[in-house]
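> Structure incoming, see below.
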Amino acid sequence: MHIGKIKKLVRDRGFGFIDDTDGREVFFHRSSLVGVAFDSLVGEESVSFEVEKSAKGPRAINVNLVTNPE
């Protein structure tokens, strides 16, 4: 499980990017969110997520908000 912060949201296309704590930027799609609506995100939220490989690079899946990031 990885921890990071939402860096950028592209609302009209339904995706965004997460800054992982290891320094890389990870793509996520709105369909990867668990328990939160994409439209409710404002950016800079702390999230936990898993990473899978895709043809275009790492992709976050099972993205959850973290209430008390450590």
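> If the chain between Ser54 and Lys7 were fully stretched, how many nm would it gain, using 0.36 nm times the residue separation less the Cα-Cα distance? Provide the component values of the computation, followed by the final result.
Numbers: separation 47, 0.36 × 47 = 16.92 nm, distance 1.98 nm.
Stretched fully, the Ser54-Lys7 segment lengthens by 14.9 nm.
> With an 8 Å Cα cut-off and a minimum separation of 6 or more residues, compute the relative contact order for the stretch 2-65 in percent.
It comes to 33 percent, rounded to a whole number.
> Taking a ≥ b ≥ c as the square roots of the eigenvalues of the Cα gyration tensor of the chain, is the shape rounded (a/c under 1.5), prolate (a/b larger than b/c) or oblate?
Rounded.
All of the numbers you see were taken from the coordinates with simple rules; none came from a lab. Keep in mind the model is a prediction, meaning the values are calculated, not measured.
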